[in-house]
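Single-structure report; data block below.
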Amino acid sequence: MPTPLSPATIALVKATVPALEAHGLEITRRMYERLFRNAEIRDLFNQSHHGESGSQPKALAQAVLAYARNIDNLGALSGAVERIAQKHVALNILPEHYPYVADALLAAIGDVLGDAATAEICAAWGEAYWFLAELLIGREATIYRDLAAKPGGWNGWRDVVVESVAPESDVIRSFVLVPADGGPVLRHEPGQYLGFLLDLPGHGVLKRNYSISCAPNDRSYRITVKREAHPGQPAGTVSNWLHDHAGPGTVLRAAPPAGDFFLDQATDAPVVLVSGGVGLTPMVSMLETIAATRHDRPTWYVHGALNGRLHAMRNHVRGLAAGNGNIRVQTFYAEPDAQDRASEHYDVAGLITPEWLVAQTPHSTATYYLCGPKAFLGALVNGLMRRGVTAERIRFEFFGPTDELIEAPRQAA
């Protein structure tokens, strides 16, 4: 454990809360601008989170503000620390990278706050930064050590080969990956993701995370990727490259499984797996695991898609349920096509709602796992909590940096 923060530092950091509320996003944007002047450090990050949406600077601004508000109650941040540590491991962040962030953050505070960033304030934030950095470095060292020690485990980047590719919908494909060295793979926790490092012509070094969509095994991983292409927005560089160029024999570089969103296998409590669109990927991993190992566990698999053309892995999921009477599958189509037949291709026309979940699943005892777009999660997480489902029984993941979900806009399948 790092040396505890001094009372003077705690008081000074808490005193900066109003300034962070007003200028936090400007500080984190300036921090990343400074940080990315170093190409080696820039390549450590997933640049898709630093584009037009600016999701990572927003998420970091919220995290810095939460840290300042809870600087005297750090137990409230333990979940955030674990989530950050897991993401750092997927990016292969190492202790030697932390000083670059410290320099960029403190310089950005000075840039934005000007004379208000006194020597005392900057010293307090320097002490606070390194306290948190040492917590993260310690936790990450433990994760790296545990990953390397497990059967099939490794640290850093490992070459994996695409063994097969399968279309799952009009815009989603699955890629089965096996180690290039012929060795076993680390058995992941159902719900975790793999980090990937790609050096694409014309784009440079890119990093992405993709959830593992199969149950744990010793031989292979499967990732299931949506081709990202939205009108008026840049196409997803890596997802489109995978769809267009990755086939059997393609070599990718992968970090070991990471992530704090995964199925709790130590309980018999009912589980409800709720997904929207390509958010089904960790849910299928969980469902395969339950079907293979926990035949007696009451399970609901609830999925929302726009229509049948965009509904991935339908037959696979139904096959899992057909062999297990404790698995119930319910499918929502937001906008069914003419060829989509109710009761055959889908069960409900419209969006998944918290009212439906509370009425159709054991909301007083079940644990809810949710994954999908931000608006989808915002509607369901808030709706379930308002209807009496405790926060401890609502676990969620979405693709991109974790940021505020409270009262997010209307869900989109």
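Key figures for this structure:
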| quantity | calculated |
| --- | --- |
| Residue identified as of a type in the set (A, V, I, L, M), open to solvent by 20 Å² or more (accessible area, probe 1.4 Å), over 23 Å from G308 (Cβ atoms) and modelled with pLDDT of 95 or more among A366, A359 | A359 |
| Yes/no for A85 being surrounded by fewer than 17 Cβ atoms within 10 Å (Cβ to Cβ), part of a helix (DSSP H, G or I) and among the aliphatic types (A, V, I, L, M) | no |
| Test: residue in the stretch 25-48 that is acidic (D, E) and touching a helix residue (DSSP H, G or I) at 6+ places or on another chain (Cβ under 6 Å) | yes |
| Residue list for the stretch 363-397, restricted to those being farther than 21 Å from S285 by Cα, touching a strand residue (DSSP E or B) at 6+ places or on another chain (Cβ under 8 Å) and part of a loop (DSSP other than H, G, I, E, B) | V389 |
| Identity of the residue in the stretch 95-131, in contact (Cβ under 8 Å) with a residue 24 or more places away in the chain and over 21 Å from H23 (Cα atoms), that ends up surrounded by the fewest Cβ atoms within 10 Å (Cβ to Cβ) | P95 |
| Selected residue (criterion: surrounded by the most Cβ atoms within 10 Å (Cβ to Cβ)) from residues of the stretch 347-356 that are without any contact (Cβ under 8 Å) to a residue 60 or more places away in the chain and either in a loop (DSSP other than H, G, I, E, B) or hydroxyl-bearing (S, T, Y) (or both) | T353 |
| Odd one out for G195, checked against (1) open to solvent by 10 Å² or more (accessible area, probe 1.4 Å); (2) touching a residue at least 60 places away in the same chain (Cβ under 8 Å) | (1) |
| Qualifying residue in the stretch 159-176 (condition: under 19 Å from the mean Cα position of the chain (by Cα), modelled with pLDDT under 95 and either open to solvent by less than 30 Å² (accessible area, probe 1.4 Å) or not polar (S, T, N, Q) (or both)) | no |
| Selection count, the stretch 57-75, where residues are more than 13 Å from L132 (Cβ to Cβ) and not in a loop (DSSP other than H, G, I, E, B) | 8 |
| Residue within the stretch 292-309 that is open to solvent by 10 Å² or more (accessible area, probe 1.4 Å), under 30 Å from A148 (Cα atoms) and not β-branched (V, I, T) present | yes |
| Lone unmet requirement of (1) among the hydrophobic types (A, V, I, L, M, F, W, C); (2) surrounded by 20 or more Cβ atoms within 10 Å (Cβ to Cβ); (3) closer than 21 Å to Y98 by Cβ for I41 | (2) |
| Within the stretch 137-158, considering residues that are free of Cβ contacts under 8 Å to residues at least 60 places away in the same chain and of a type outside the set (G, A, S), the one most open to solvent (accessible area, probe 1.4 Å) | R145 |
| Restricting the stretch 217-230 to residues that are closer than 17 Å to R158 by Cβ and in contact (Cβ under 8 Å) with a residue 60 or more places away in the chain, the residue that is surrounded by the most Cβ atoms within 10 Å (Cβ to Cβ) | Y221 |
| Filter pass, D264 being acidic (D, E), in contact with a strand residue (DSSP E or B) (Cβ under 8 Å, 6 or more places away or on another chain) and surrounded by fewer than 21 Cβ atoms within 10 Å (Cβ to Cβ) | yes |
| Single residue of the stretch 59-73 satisfying the filter (more than 17 Å from the chain's Cα centre (by Cα) and either free of Cβ contacts under 8 Å to residues at least 40 places away in the same chain or within 18 Å of K374 (Cβ to Cβ) (or both)) that is least open to solvent (accessible area, probe 1.4 Å) | A61 |
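The values are calculated or read from the model by the stated rules, or taken from the named source; none is laboratory data. Quantities reported herein were computed from a predicted structural model and do not represent experimental measurements. Note that we place each Cβ from the backbone using ideal geometry, even for glycine, and neighbour counts take in every protein chain shown. We work out accessible area using only protein heavy atoms, side chains counted, and drop any ligands, DNA or RNA first. Shrake-Rupley method; radii C 1.70, N 1.55, O 1.52, S 1.80 Å.
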